[in-house]
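Below is one structure, written out as structure tokens; the observations come after it.
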Amino acid sequence: MDFSESYRFSGPQPAYSPDGRFVANCVEYRLVIREVETLQVVQLYSCIDKIQQLEWCPNSRYVLCALWQRATVQVWSVSDPDWTCKISEGDAGVAHARWSPDGLHVLVVADFQIRVTVWSLVHRTAIYVKGPKWPQAGLAFSPDGALMALAERHDCKDYVSLFRCHDWQPAAHFQVATADLADLAFSPDGACLAVWDSPLTYRLLVFSAQGEPLAEYSAYSDALGIKSVAWSPSGQVLALGSFDQEARLLNHVDWQPLAALGHMPSITGPAGVVVYREVEDHSTDSAGSRSRYVVCELPARVQSQKVPVDKPNPRVGVGHMAFSTDCQYVTTRNDNMPNALWVWDVARMELASVLLQVGAVRDVQWDPHHPRCVVATGSSRIYIWSPDGASCVHIPLQSFQAHSVSWNTDGAALILADKDAFCCAYLGSSIS
């Protein structure tokens, strides 16, 4: 694996363009666009204030920069430095901004969720949608870009509105039986919409793309409920991470559990599970300590933290879940076992591997083309897991600690981000 030198950034995380050709990062009020292979600067733009949000257009032609303190969104062109766009929301403010799937509209959520404004970059017109429930959550597009689902709150009741994206007119509006709707997400095939409640109530609702109710699921009551949700890429499995330290995999036919994946402090099986424990080596003089994996014999102990019962937002339960691109595996992290990453075999519905890290697992990202994932723990190393094995990769940069990772669309490069610097790592498809 080859590494670039490090580059400074501030604010939002650096991001690859959807076509994989460019990487964008922010430095205070400046937007820097680099070519992926050489990391040479191809465009440099100055915004009117510090950049707090960065997002690539789906067609990779433009970059959106949100300046919350100025209630302004600025849009820049990758190829034409003379083309500019500035959206000012004035007293309404800007809480969040995002692209529409066609890349021709910018959606801006005002402060206090007063409205969503749909700005057309082609016609320079605006369409207003009142009453979004959340600034970031509660808004999702169907995979084909034809529909937008928006969560709303009126008279202490939750609703979902479906809008046609070609004219932004309502297609459906219906009440949902949630006590406090937390978020929603379309299935990858666009056939249905999942809606779930806040952690205070364990409730999942499934609707068709036309807004017709299909199913309701609740694993238990009178306890903290859903903490994380993830669709499998095929749309055939919906994973629910819960505060009871289990991940439940629901099937797409009757929306009942195929399996409940528990996170026990002692790993005793199945027979084929491989448990890797990271062991540090402090004898080297290079930048940062090195480490390696050793395979543990069963039973293997997993370090667990005591959960305080007198504090809000307890660090307990399954807070991370992600499926591999081929749907063969799903990774989970139980937040009161922060140093362990669990890898499950979806076909067998059993544990395939566990990575026991020295530091807490901060980020996990699957390769977009192969069944392998990269793990960051805020150390001078990244970790790669595949069905063939696991490895520790030292980052040869002084004082660099990887807190987050992101893949390029071709699966051949990674962005590794520290708190105020990033670098790129280049690897081939044969690396495991």
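Numerical summary
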| item | result |
| --- | --- |
| Taking H282, H263 and counting other C-beta atoms within 10 Å, the order from fewest to most | H282, H263 |
| The chain: most fluctuating residue of A97, A360, A247 per GNM, C-alpha cutoff 10 Å | A360 |
| Positive dipole terminus of the chain, leading residue within S161, G389, G90 (C-beta point charges) | G90 |
| Selected from P188, L67, V295, residue furthest toward positive end of dipole (the chain; charges at beta carbon) | L67 |
| Rounded to whole Hz, the Karplus (6.51, -1.76, 1.60) HN-Hα couplings of region 321-336, x for glycine and proline | 8, 7, 8, 5, 5, 9, 6, 7, 9, 9, 9, 9, 10, 8, 5, 8 |
| Point-charge dipole on Cβ atoms (K/R +1, D/E -1) for region 338-385, about Cα centre, debye to 20 | 120 debye |
| Cβ-based exposure ranking for M321, M1, in which fewest neighbours within 10 Å come first | M1, M321 |
| Tail beyond 22 Å, pair distance distribution of region 1-144 (Cα, percent) | 38 percent |
| Rounded if a/c under 1.5, otherwise prolate or oblate - region 291-430, Cα gyration tensor axes | oblate |
| Sorted largest first, extent of region 133-218 alpha carbons per principal axis (Å) | 36, 26, 21 |
| Relative contact order of the chain, defined on C-alpha pairs under 8 angstrom at six or more residues apart (%) | 10 percent |
| Rel. contact order, % - alpha carbon contacts under 8 angstrom, at least six apart, region 1-128 | 14 percent |
| Footprinting exposure proxy for R372, R61, R8 (fewest neighbouring C-beta atoms within 10 Å first) | R8, R61, R372 |
| Net charge dipole size for region 348-413 [Lys, Arg +1 and Asp, Glu -1 on Cβ; Debye, nearest 20] | 160 debye |
| Dipole in debye (nearest 20) - region 278-407, about Cα centre, beta carbon charges: Lys, Arg +1; Asp, Glu -1 | 320 debye |
| Relative contact order of region 105-191, pairs being alpha-carbon contacts under 8 Å that are 6 or more residues apart, as % | 21 percent |
| In region 79-180, the chymotrypsin sites (Phe, Trp or Tyr not before Pro) that fall in loop regions by DSSP, at most 10 other Cβ within 10 Å | none |
| Under-17-angstrom lysine pairs by C-alpha in the chain, whenever the two are 8 or more apart or on separate chains | 5 |
| FRET efficiency estimate (nearest 0.05) - Cβ-Cβ, R8 to A146, R0 51 angstrom | 0.80 |
| Label of the coordinate-derived value, P(r) over Cα pairs in 10 Å bins from 0, in percent, listed as (i) 4, 19, 28, 29, 16, 3, 0; (ii) 5, 21, 30, 24, 13, 5, 2, 0; (iii) 5, 22, 33, 27, 12, 2, 0 | (i) |
| Euclidean distance between Cα centres, region 328-362 to region 177-252, Å | 21 Å |
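The numbers here are math on the coordinates, done by the rules we state, and not lab data. Just so it is clear, the structure is predicted and the values come from calculations on it, not from any experiment. Note that each Cβ is placed from the backbone with ideal geometry, even for glycine, and that neighbours are counted across all protein chains shown.
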